[in-house]
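A short reminder: the numbers here are calculations on the coordinates, not readings from a lab. Fair warning: this is a prediction, and the values are worked out from it, not measured in the lab. Positions of Cβ are generated from backbone atoms using ideal geometry, with glycine treated the same way; all protein chains shown enter the neighbour counts.
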Amino acid sequence: MIHTIQEYIRQNKLNVYQIAVQTEEVIHCACCQPCNDCGNIFSVTKVFLNTAVGMLMDEGKLKLDDRILPIIQPFVDFPYDPIWNDVTVRHALSHRMGVDSGVIDIDRDDIRTYETDNHLKYILDYPPKFRPGSYRKYTDGAHYLLSLVVEQLVQMPADTFIRQKLLKPLDFQHTAWTRCPRNHTIGATGAYMRTDDMVKIGWLYLNQGAYNGRQIVTEDWIAAAEQGRFDFYPIKNSSFWQKGGMNGQMLLYSRKKRIAVAWEACEAYAKIQQLTDDVVRLAEES
């Protein structure tokens, strides 16, 4: 399978760096063009933070309908619109906080133009325009808030918790995680890792939260994440789920076909969408 994808990428001259395919037997990885060992997986980062949230739920430290602001209150030393008090963990995970715009885009914004180095204040200064839960708008702000939730509950930066509790049992090599000017994990984007490690989170979800015989996160969390569309989305007319990231990052898994696929890239959305469609079609036909 990986050689077929690799040849497709070469024939179509796609700017895809590395691809990885995980099956029952092994993780295959191929380099399509010279690149760094660890690349920015952009918004695929959200899946890792979501999984950390799920692990805290499994431990009984958090519930989907817990309100976010009471948890992160130690980080708040400024006034904010009280509508934020109605935003829950579920709303943030599903991008249904009620905001009418992206509010904050870590990868595209020049943070030097922000009025403050406090990302939390910057986000809360733009309150939801709709009742939380009633309106969907994708925003990095949701996962920055969730990152603070994790940090407050475990008393360490979210990326440190993720390294210890998630990446170590998945046998990851080195990773790097972007933090804000106040040293909080961004959570929404900015994780750097190898493609053959990135694919493992797809394999984890494919296997209902288990990896190498160890239950890392419960089946209940996997079901909640899929049902709630917590950043993994089903691909129409297929058995695959996907999570993409800016510049063409992609993570795919199919429980039916017992396969997970990941790649890192810097390519136009339309070309990556066609690649995704063709990879899914080939996998379904195999």
Would you work out if segment 219-286 is rounded, prolate or oblate? Take a ≥ b ≥ c from the square roots of the eigenvalues of the alpha-carbon gyration tensor; rounded if a/c is under 1.5, else prolate when a/b is larger than b/c, oblate otherwise. oblate
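Going through segment 9-62, which trypsin sites (Lys or Arg not before Pro) have at most 16 other Cβ atoms within 10 Å and a DSSP loop state? Could the numbers behind the result be given before it?
Values: sites: Arg10, Lys13, Lys46, Lys61; in loops: Lys13, Lys61.
Answer by residue number: Lys13, Lys61.
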Name the residues whose placed amide hydrogens come within less than 5 Å of the amide hydrogen of Ala210, ignoring near sequence neighbours (fewer than 5 apart) on the same chain. Ile216
Quick note on Ile201, Ile123, ordering by fewest other C-beta atoms within 10 Å, gives Ile123, Ile201
Exposed GluC sites (Glu not before Pro) being those in a DSSP loop with at most 16 other Cβ atoms within 10 Å, the longest stretch of the chain free of them is 116-286
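Considering all alpha-carbon pairs of segment 1-101, what whole percent are spaced by more than 19 angstrom? Provide the component values of the computation, followed by the final result.
On the way: 3224 of 5050 pairs.
In whole percent, the long-distance tail amounts to 64.
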Treat every Asp and Glu Cβ in the chain as -1 and every Lys and Arg Cβ as +1, leave all other atoms uncharged, and give the resulting dipole magnitude about the Cα centre to the nearest 20 debye. 360 debye
Can you give the angle from 0 to 90° between the axis of helix 140-154 and the longest principal axis of the chain, with both taken from C-alpha atoms, to the nearest 10? 80 degrees
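Go ahead and estimate [θ] at 222 nm for the chain from helices alone: -39,500 (n - 2.57) per DSSP H run with n ≥ 4, summed, over the residue count, rounded to 500. Kindly include the intermediate steps, with their values, before the conclusion.
Numbers: 10 runs with 98 residues, N = 286.
Value at 222 nm, helices only, nearest 500: -10000 deg cm²/dmol.
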Sorted by Cβ neighbour density within 10 Å, fewest at the top, the residues Thr116, Thr189: Thr116, Thr189
Near the amide H of Gln249, under 5 Å away, which other amide H atoms are found, from residues 5 or more places off or on another chain, if H is placed in the peptide plane? Ala265
Within the P(r) computed for segment 45-156, what percentage of the Cα pairs occupies the region above 20 Å? 36 percent
In whole Hz, with x marking every Gly and Pro, tabulate ³J(HN,Hα) for segment 25-30 from phi via Karplus 6.51 cos²θ - 1.76 cosθ + 1.60, θ = phi - 60°. 7, 6, 9, 9, 10, 9
Segment 200-208 - phi-based ³J(HN,Hα) in whole Hz, Karplus 6.51/-1.76/1.60, Gly and Pro as x: 5, 5, x, 5, 4, 5, 4, 9, 6
